[in-house]
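Trainee: Encoded as structure tokens, here's the structure I'll be asking about.
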Amino acid sequence: QVQLVESGGGLVQPGGSLRLSCVASGSIFSINAMGWYRQAPGKQRELVAAITRGGSINYVDSVKGRFTISRDNAKNTVYLQMNTLKPEDTAVYYCNADVKRPVGSIRYWGQGTQVTVSS
């Protein structure tokens, strides 16, 4: 099994910054893509940012220019640097990893970390 543990969430004022980290551990041979999702009350879960093992990156439009995703393959860790935070960024942020299996892959999820942007 694979475990994902997030850290770095918290309360921040609008315009502030947070850096989320997610470490994957367990039975891991290789991780394809890693990403960050978020879900706010009453809203659907959305993909915030994703990064492949080779470094290809996608962002949701609302965070482009403000958030930066990165990963350290050797440490099975993905980061999300969040700058110029807005109240609408408030959500539970979940780490996701697409872990390669002998055939295909399986997606694992972290427990989530709360990010609250409020004055």
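The values are calculated or read from the model by the stated rules, or taken from the named source; none is laboratory data. None of these values were measured; they are calculated from a predicted model. Methodologically, a virtual Cβ is constructed for each residue, glycine included, from the backbone with ideal geometry; neighbour enumeration extends over all protein chains shown. Each accessible area value is taken on the protein alone, full model and side chains, heavy atoms only, with ligands, DNA and RNA left out. Shrake-Rupley method; radii C 1.70, N 1.55, O 1.52, S 1.80 Å.
Trainee: Take the residues in segment 84-119 that are of a type outside the set (A, V, I, L, M) and within 11 Å of residue 20 (Cα to Cα), then tell me which one is nearest to the chain's Cα centre (by Cα).
Mentor: 95
Trainee: Going through 68, 52, 84 one at a time, which residue ends up being polar (S, T, N, Q), free of Cβ contacts under 8 Å to residues at least 24 places away in the same chain and open to solvent by 60 Å² or more (accessible area, probe 1.4 Å)?
Mentor: Residue meeting the stated conditions: 68.
Trainee: Can you find, within segment 1-10, the residue that is surrounded by the fewest Cβ atoms within 10 Å (Cβ to Cβ) among those that are assigned to a loop (DSSP other than H, G, I, E, B) and modelled with pLDDT of 95 or more? Steps first, answer last, please.
Mentor: Pass one, segment 1-10, residues assigned to a loop (DSSP other than H, G, I, E, B): 1, 8-9.
Checking which are modelled with pLDDT of 95 or more leaves us with 8-9.
On the way: 8: 16, 9: 19.
It comes out as 8.
Trainee: Within segment 87-104, track down each residue that is surrounded by 13 or more Cβ atoms within 10 Å (Cβ to Cβ) and among the hydrophobic types (A, V, I, L, M, F, W, C).
Mentor: Within segment 87-104, 91, 92, 95, 97, 99 qualify.
Trainee: Consider residue 60 against the criteria (1) in contact (Cβ under 8 Å) with a residue 24 or more places away in the chain; (2) in contact with a Leu (Cβ under 7 Å, 6 or more places away or on another chain); (3) surrounded by fewer than 20 Cβ atoms within 10 Å (Cβ to Cβ); (4) not basic (Lys, Arg): it satisfies all of them except one. Which criterion is unmet?
Mentor: Looking at each condition in turn, residue 60 falls short on (1).
Trainee: Step by step: first the residues of segment 71-81, then only those that are free of Cβ contacts under 8 Å to residues at least 40 places away in the same chain and within 15 Å of the chain's Cα centre (by Cα), then the one that is surrounded by the fewest Cβ atoms within 10 Å (Cβ to Cβ). Which residue is that?
Mentor: In this case the residue turns out to be 72.
Trainee: Anything in segment 11-49 that is of a type in the set (A, V, I, L, M), open to solvent by less than 50 Å² (accessible area, probe 1.4 Å) and either within 17 Å of the chain's Cα centre (by Cα) or farther than 23 Å from residue 83 by Cβ (or both)? List them, or say none.
Mentor: Across segment 11-49, the qualifying residues are 18, 20, 24, 28, 31, 33, 34, 40, 48, 49.
Trainee: Let me ask something else. Please verify whether residue 49 is among the small types (Gly, Ala, Ser) and touching a helix residue (DSSP H, G or I) at 6+ places or on another chain (Cβ under 9 Å), treating the condition exactly as stated.
Mentor: Yes.
Trainee: A follow-up question, please. Among the residues of segment 105-119, count how many are under 21 Å from residue 52 (Cα atoms) and open to solvent by less than 90 Å² (accessible area, probe 1.4 Å).
Mentor: Result for segment 105-119: 6.
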